[in-house]
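Contents: one structure, followed by commentary.
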Amino acid sequence: MGILEKFKLGFKKSANNIASGLREIIIKKEIDDITLDKIEEFLISSDVGVDASSEIIDIIAQKKIDPKKDPITEVNNILKEYIIELMKPLEKKSFFEKKEKLNVILVSGVNGVGKTTTIGKIGKIFKENQNKVLFSACDTFRAAAIDQLEKWAEKVNATIVKSNPGSDPASVAYKALEYAKKNNIDQVIIDTAGRLQNKKNLMDEFKKIGNVIKKNDESAPHEVILVLDATSGQNIINQLEEFNKIIPITGLIMTKLDGTAKGGILIAISKKYKMPIVGLGLGEKEDDLQVFNAEQFASAFTQLN
C-alpha cells in the first residue's frame, strides 16, 4: 500500500463525513447564499474552524462554478486547493533527516495521546535514515511508561537511558545527554510524563526538564514536539496554547486521525497558529506514523486524486 493510499484509508471517517455532509447540503447545480451558509455551518461543525471556514466560503462565493460540472466535486476541489496553500508552508520533512550533530527532541502532551508509541515510531524512521537513536525515559511517574519505551527501543534497535520509577525526570534527561555526547548519538528523544495542561506542578516539572537540558547544551532542546489526539476536538486548542507558554513548540504530531470524523481540527490549528506539522498518526502499527505532506493530506481529506 502506497503512502497516499494509507492517508486515504486513515482519513476515511473524516472524508466520508465531508462527502456525505456536502451531498446533503448541495442539492442544486447553483450554489446560492442559503447553501453557502449551510456549507459554512457544516465545516465549522467538522472542526475546520471559523476563520478557515469563512475563507473557504468566500472563495466558493467568488468562484463562478460551472453549472455543467458537478458542484460537489467543484467545492471539494476548492477545499483541496485551500488546504494545500494553507498547509504546504507548514511541512517539516527535514525533521526526519540524518543529523550531523547531536539533536535533542523533547516530546510533550497530555495523558493518553500516544506519546510513547509516537516516540517509538519516530525512532523507527530515524533508524531507517541512518541515525544513531537514544530514548530517554523521563516519564518516571509510571513504571509502565518506562517498560513501554524499553520495548520500543528493542523493537527499533535504539539505545535507552532510564532510572527507577519515581526518579527525578530531569536527572534522567541529563544522564541521557551525557551518554549521547560520549557515544556520538545523533538523535535523543525525551519522553515526558503525560500531564494535564492545567496542572501547575506537572507543567513546572516539564519546564524543569527543559532547563536541565539547556544546562547540558545551551542550544537544546533543538525540537519541542507536542503530540495531540485528533479525537479530542476543540480541547486541542487549549492544550497547544498552554504547552507553548512553558516551552515554545517547534512542531506538532497529530495521532488517532483514523479514529475521528472531524480531522478538520488540523486545518483550524494551521490557520490559527501556522505551526509546523511533523507527522500524522494513522493507526496502531509501527509504520503508521506518516511524515506530513500537505498535498497528500488534502487529497485524503477530500478523497480527490
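The values are calculated or read from the model by the stated rules, or taken from the named source; none is laboratory data. Quantities reported herein were computed from a predicted structural model and do not represent experimental measurements. Neighbour counts run over all protein chains shown; Cβ positions are idealised from the backbone, glycine included.
Data for the structure
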| read-out | value |
| --- | --- |
| Selection count where residues are of a type in the set (D, E, K, R), closer than 23 Å to Asn129 by Cβ and surrounded by fewer than 24 Cβ atoms within 10 Å (Cβ to Cβ), scope the range 175-194 | 3 |
| Residues within the range 276-292 that are more than 10 Å from the chain's Cα centre (by Cα) and modelled with pLDDT of 95 or more, tallied | 0 |
| Failed item in (1) out of contact with any helix residue (DSSP H, G or I) (no Cβ under 9 Å at 6 or more places or on another chain); (2) among the hydroxyl-bearing types (Ser, Thr, Tyr); (3) farther than 30 Å from Lys208 by Cβ, with Ser94 passing the rest | (3) |
| Selection within the range 260-303 - among the aliphatic types (A, V, I, L, M) and closer than 17 Å to Ser14 by Cβ | Ala261, Ile265, Leu266, Ile267, Ala268, Ile269, Ile277, Leu280, Leu282, Ala294, Ala298, Ala300 |
| Which numbered condition Ala61 misses (of (1) more than 30 Å from Val161 (Cα to Cα); (2) modelled with pLDDT of 90 or more; (3) not in a helix (DSSP H, G or I)) | (3) |
| Residue in the range 94-115 that is within 27 Å of Gly259 (Cβ to Cβ), surrounded by fewer than 17 Cβ atoms within 10 Å (Cβ to Cβ) and at pLDDT 95 or above present | no |
| Matching residues in the range 19-30 - criterion: being at pLDDT below 90 and either within 14 Å of Leu43 (Cβ to Cβ) or under 32 Å from the mean Cα position of the chain (by Cα) (or both) | Ala19 |
| Of the criteria (1) under 16 Å from Ala268 (Cα atoms); (2) within 25 Å of the chain's Cα centre (by Cα); (3) not polar (S, T, N, Q), which one Lys6 fails | (1) |
| From Glu128, Glu150, Glu91, residue being surrounded by fewer than 18 Cβ atoms within 10 Å (Cβ to Cβ), in contact with a Pro (Cβ under 8 Å, 6 or more places away or on another chain) and under 30 Å from Ser232 (Cβ atoms) | Glu91 |
| Only listed residue being β-branched (Val, Ile, Thr), modelled with pLDDT of 90 or more and more than 12 Å from the chain's Cα centre (by Cα), chosen from Thr192, Thr260, Thr255, Thr250 | Thr192 |
| Enumeration of residues in the range 22-67 that are closer than 22 Å to Ser232 by Cα, hydrophobic (A, V, I, L, M, F, W, C), out of contact with any Leu (no Cβ under 8 Å at 6 or more places or on another chain) and buried (at least 20 other Cβ atoms within 10 Å of the Cβ) | Leu43, Val48 |
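Quick grid of which residues meet (1) crowded, with 19+ Cβ neighbours inside 10 Å; (2) in contact with a Lys or Arg (Cβ under 9 Å, 6 or more places away or on another chain):
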{"site": "Glu218", "(1), (2)": "no, no"}
{"site": "Ile237", "(1), (2)": "no, yes"}
{"site": "Pro248", "(1), (2)": "no, no"}
{"site": "Asp258", "(1), (2)": "yes, yes"}
{"site": "Leu282", "(1), (2)": "yes, yes"}
{"site": "Gln290", "(1), (2)": "yes, yes"}
{"site": "Ala294", "(1), (2)": "no, yes"}
{"site": "Phe297", "(1), (2)": "yes, no"}
{"site": "Ala300", "(1), (2)": "yes, yes"}
